[in-house]
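Notes follow the structure.
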Amino acid sequence: MTGKVVGSAVSLILVVGVVIGVVAVVQSPKSDKGAGEIKSTNRAVAALCQDSDDQKLCNDVLSSSNSTDPKEYVATVVKTSMDSVIKALNMSDRLNVEHGNSSEGMKMALEDCKDLLQSAIHELEASGVLVKEGSLEDVNMRTSELKNWLGAVVAYQQSCLDGFNTDGEKKVQEQLQTGSLDNVGKLTGLALDVVSGISRILQSLDLNLGLKPASRRLLDVDEDGYPTWVSAADRKLLADSALSPHATVAKDGSGQFKTILDAINSYPKNHQGRYIIYVKAGVYDEYITVDKKKLNLLIYGDGPSKTVITGRKNFAEGTKTMRTASFTTVADDFMAKSIAFENTAGAEGHQAVALRVQGDRSVFFDCAFRGYQDTLYAHAHRQFYRNCEISGTIDFIFGYATTLIQNSKIYARKPMANQQNIVVADGTGQKNMPTGVVLQNCQIMADPTLQADRLTVKTYLARPWKAFSRAVFIENVIGDLIQPDGYIPWNPIEPNTKDCFFAEFGNTGPGSATQARAPFSKGLISKEEAAKYTAEPWLQASTWLPSTGIPFDPSFTKA
């Protein structure tokens, strides 16, 4: 994966440098080359910083490159962000030595922070290595890739802070925040601003290069209807109605393994292509993590009513939210079919995750996610869910990922007394993060446990977890359980309502009326605006979803 993504990121840098560099040279007076270079530098910096929330920081960082080659601006912001993450990682190590033994909660928070910051370094390494290749026709796709990686860095920075959530841990959290993590957020946010600015500049250049858009090229199909770039092995996988597993799991001993974790750990070193695990019907009470080295893993079961992965770790009993997940996948290109993931801690367990997903291009088809608070942790990167069932109470779809959920059933369950239900809590913390939760062509309804009380227990579509929280609802059937205002602030101290983006298009059902929606929401948006959140622009779907064999709607289904 590293070789592929590094090429993408650096191709963007090189193409940006060539195109904008040409513009800068044309505008430079020949009679005074030095003055022209300074003016070109100033113009480029001004253009790239115009949309930044902190223009002084942007100018200070970009001016330090002292270059007329605009590719250096991208390299500079990525390197500056990397330096800040390394500083934060070193600080977390020091704080672990000083405070790691003070409590189990503190130890977990510091260890998780270290792991997250190491993941951030991986994203920035992929974004910053220079490789001399690339073409202009790929630049839009590669801009999305670069923003995808940078968005994940912000997700890890925020997740690190989230882990320090008790009074006794706040002092250490403050040290990390003021000493390093705030800078990680600001500088990575700046990198996102700069990349977004470059994308706008490229798109506004009137250059007739006779190139087809990247998405069209990637959608070319052969005589059998497959994308031309799909490998022979994946063609066979897509064509077979019955998958041929590399490993089979069965509790009764009729497979090679009795536990899912043992089957996952059988993944061969340096395996190429899909590694397929079949999990026979049964309830598997085990805690599972798919680490980042196990790429292209496909796990499938006998259906979400028969093959169930379960656990009950929860925050109320002392486990950090990130560690409560019954199943965690960190690897890229993970797929699951026909399996249920659940956390049975109940409403009294408070935060209790059934599934945490961190790897890029993760796909779930015909799966169920059952829990109460924080059921589905869509942690980072691009994620797609189709024909699934998701149930819970408070913030039961949450995270920092770029998430699209299609053709699924969303069930609000009965919470504890004096609690209310919220479907989505998105963590987008920077305005140019390409992240949020989109629900399309889903049914949002009351679980049988809530049905009798659905009009008295308040249920909302979303609340803004972070400053730029984003939730978009397209072509759904929304039941009468949803309150007329639809959305609520995060809390009285941090409402996060100023810059959040909560929007709706083409929904039906008794809960879809938008006349009384909260004033901080966008309410109904145009079809043109809603189109930005369909599969192709939102997930760059044509570049990876076809090879999974999972059906998806690239655009609207009804409009």
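Read the figures in this text as sums done on the coordinates, not as results from a lab. No experiment lies behind these values; they were computed from the predicted model shown. Cβ coordinates were reconstructed from backbone atoms using ideal geometry, including for glycine residues, and neighbour counts include every protein chain displayed.
Brief remarks on what is shown
- Net lengthening on full extension, residue 453/residue 243 (0.36 nm per residue, minus Cα-Cα): 71.3 nm
- Near residue 486, once Lys and Arg are set to +1 and Asp and Glu to -1 for all other residues with Cβ below 9 Å from its Cβ, the sum equals -1.
- Hull volume in cubic angstrom per residue (convex hull over the Cα atoms of the range 441-521): 95 Å³
- Between residue 287 and residue 494, the contour length at 0.36 nm per residue exceeds the Cα-Cα span by 71.1 nm.
- Qualifying trypsin sites (Lys or Arg not before Pro) in the range 515-559, where qualification requires a DSSP coil assignment and no more than 11 other C-beta atoms within 10 Å, comprise 558.
- Inter-site label distance for residue 118 and residue 558 at 7 Å from Cα along Cβ, in nm: 4.7 nm
- A full extension of the chain between residue 64 and residue 90 corresponds to an added length of 6.9 nm, given 0.36 nm per residue minus the alpha carbon distance.
- Descending semi-axes in Å of the range 393-553, equivalent ellipsoid built from Cα gyration tensor: 24, 19, 15
- Near residue 285, once Lys and Arg are set to +1 and Asp and Glu to -1 for all other residues with Cβ below 13 Å from its Cβ, the sum equals +2.
- Using the Cβ-Cβ distance between residue 51 and residue 98 with R0 set to 45 Å, the FRET efficiency from 1/(1 + (r/R0)^6) comes to roughly 0.65.
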